[in-house]
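S.K.: This is the structure, below, for whatever I ask next.
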Amino acid sequence: MFQFLTRLKDSKWFEFGSISVILLAAIIYGLDTFALSSNLANTLYLLDYSISIIFIIEILIRLLAEKNLRDFFRDPWNTFDFIIVSISLIPIELLANILIARIIRVFRILRLLTHVKKFKTLINAFFKSLPRVFYVMGLMFVFFYIFAILGTNFFGELDPQRWGNLFLSLWTLFQIATFENWPDIMQVQFSVNGYSWIFFFSFIIIIAFILMNMIVGIIVDTISEENKEETQMEEEILKKLNQLEDKITKLNRN
């Protein structure tokens, strides 16, 4: 029985079936946002209930396929998967807010992260890159703060709605960093002071072109390192298998 469950858990069909059910759940949650007839709404409810049962069976198979339950929970992805399924099984009647219940159900779509290997690689790379990204974001905040004070001093009187104080200036700079109507913001100042473009251009170059690209570069570099580690592990496994095969061949010859 144990061997059967292990083979079932490791089979491609089991993984494909799990992903298909998660995608079906995502489609159901999307359809549930429309105004539906009572018959269709009941059908979706039954499908959602069936999906919950399938999720329970899937988790049980994966749990029973482990010799030790600790081995299952040692993998953070398995723990994440188990928590998502467990929370989504809380009866709606026990929740005071139906909206919260719906949000919890929608979070089951996140189970795709545990079933698609490339998603895992991306998420692992994201978390590994966070320390370096935080340093860049800290540097960005320093520049935001400096430019916000300068903007308040330079443009506060002419355009108090955007540059009246530090917080308004920070909000305006964030809008400029996302390239949202920044020429219109600059034009108000440029019509009075022809040198005001230096402020806007220098801010965009430092924040949007340099520091934002540094964040992208850090994440891309981390993803590349993650892929290299996976490739090295696969190569090491292949080497060990080849060595074992050579030893077995030599033993058979002797």
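S.K.: Does ASP221 fit the bill of being farther than 30 Å from PHE80 by Cβ, of a type in the set (D, E, K, R) and assigned to a helix (DSSP H, G or I)? Let's see the steps before the verdict.
M.R.: Numbers: farther than 30 Å from PHE80 by Cβ: no; of a type in the set (D, E, K, R): yes; assigned to a helix (DSSP H, G or I): yes.
So ASP221 fails the test.
S.K.: Turning to a different aspect of this structure: Those residues that are of a type in the set (D, E, K, R), open to solvent by 40 Å² or more (accessible area, probe 1.4 Å) and under 28 Å from the mean Cα position of the chain (by Cα), I need them from the range 182-229; list them, please.
M.R.: ASP221, GLU225, LYS228, GLU229
S.K.: Quick test for you: out of ALA35, ALA25, pick the one residue that is surrounded by fewer than 14 Cβ atoms within 10 Å (Cβ to Cβ) and either among the hydrophobic types (A, V, I, L, M, F, W, C) or more than 14 Å from SER88 (Cβ to Cβ) (or both).
M.R.: Values: ALA25 fails: surrounded by fewer than 14 Cβ atoms within 10 Å (Cβ to Cβ).
That would be ALA35, the only listed residue that is surrounded by fewer than 14 Cβ atoms within 10 Å (Cβ to Cβ) and either among the hydrophobic types (A, V, I, L, M, F, W, C) or more than 14 Å from SER88 (Cβ to Cβ) (or both).
S.K.: Shifting gears a bit: Kindly list the number of the only condition in (1) at pLDDT below 85; (2) farther than 20 Å from ILE104 by Cα; (3) surrounded by 14 or more Cβ atoms within 10 Å (Cβ to Cβ) that fails for ILE61.
M.R.: Condition (1) is where ILE61 drops out.
S.K.: Right, next: Any chance the range 1-11 includes a residue that's under 22 Å from LEU110 (Cα atoms), open to solvent by 70 Å² or more (accessible area, probe 1.4 Å) and at pLDDT 85 or above? So that I can check it myself, show each step before the final result.
M.R.: Initial filter on the range 1-11 (under 22 Å from LEU110 (Cα atoms)): 9-11.
If we keep only those that are open to solvent by 70 Å² or more (accessible area, probe 1.4 Å) too, we end up with 10.
Checking the rest, the ones that are also at pLDDT 85 or above come to none.
Within the range 1-11, none of the residues are under 22 Å from LEU110 (Cα atoms), open to solvent by 70 Å² or more (accessible area, probe 1.4 Å) and at pLDDT 85 or above.
S.K.: Still on this structure: If you go through the range 108-150 one residue at a time, how many are without any contact (Cβ under 8 Å) to a residue 60 or more places away in the chain and basic (Lys, Arg)?
M.R.: Looking only at that region, the number is 3.
S.K.: Of all residues in the range 114-133, which are within 20 Å of MET212 (Cα to Cα) and within 11 Å of the chain's Cα centre (by Cα)? Before you say what the answer is, go through the steps one by one.
M.R.: So in the range 114-133, the residues within 20 Å of MET212 (Cα to Cα) come out as 122-123, 125-133.
Across the range 114-133, the qualifying residues are LEU122, ILE123, ALA125, PHE126, PHE127.
The values are calculated or read from the model by the stated rules, or taken from the named source; none is laboratory data. None of the values given here were measured: they were computed from a predicted structure. All Cβ positions, glycine included, derive from the backbone under ideal geometry; neighbour counts span all protein chains shown. Accessible surface is based on the protein model in full, side chains and every heavy atom, while ligands, DNA and RNA are left aside. Shrake-Rupley method; radii C 1.70, N 1.55, O 1.52, S 1.80 Å.
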